[in-house]
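Down below is the structure, laid out as structure tokens.
Derivation of every value follows stated rules applied to the coordinates shown; laboratory data play no part. This is a predicted model, so every value here is computed, not measured. In this analysis, Cβ positions are derived from the backbone assuming ideal geometry, glycine residues included, and neighbour counts consider all displayed protein chains.
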Amino acid sequence: MDRKKLISGKRVRASSVLEVIVSMMIIILVFGIAMMIYTNVSRQSLSGQKLKAQAILAQIMKEMGKAEQSANQESIIGGFTVERSLKPYAKNGRLLQIDLIAFDQNNQLLAELHQLIIKDDDQ
């Protein structure tokens with residue numbers, strides 16, 4: 001039956017060039033919006049990692065205040081590489097500067113924490 005309709009001389013309507021261009025523009029627009037959403041989600045994921053790294057550094061800093069730590073250490077905690085350094089602060093014998101730096105698996109800097117503490121004279 002479909003063949004009879006084609007033979008009878010009626011033309012089958014096809015898409016014009018203008019319709020194809022408009023549909024391509026709509027597809028490109030939707031793809032662009034999807035890429036922006038993907039970028040924002042991946043950026044927020046990195047922010048979550050930064051917050052987790054900052055929380056880990058704060059916990060380490062609290063523990064360092066309770067117990068004496070060695071001058072320089074590097075350890076892996078919670079999936080982050082944490083560098084600790086303890087050094088005298090600006091020629092003052094009673095002050096110590098603690099620097100904590102957290103890196104991810106790609107060695108990208110995520111968080112830093114710096115604090116001054118007063119060294120006990122008893123030690």
Taking the Cα centroid of the stretch 77-101 and of the stretch 10-51, what is the distance between the two, rounded to the nearest whole Å? 48
Note down, for the stretch 14-118, the three equivalent ellipsoid semi-axes (square root of 5 times each alpha carbon gyration tensor eigenvalue), biggest first, whole angstrom. 52, 12, 10
With a point put 7 Å past each Cα toward its Cβ, work out how far Arg13 is from Met35 in nm, to one decimal. 3.4
So how much slack lies between Thr81 and Met64, counting 0.36 nm per residue of separation and subtracting their Cα-Cα distance, in nm? 4.4 nm
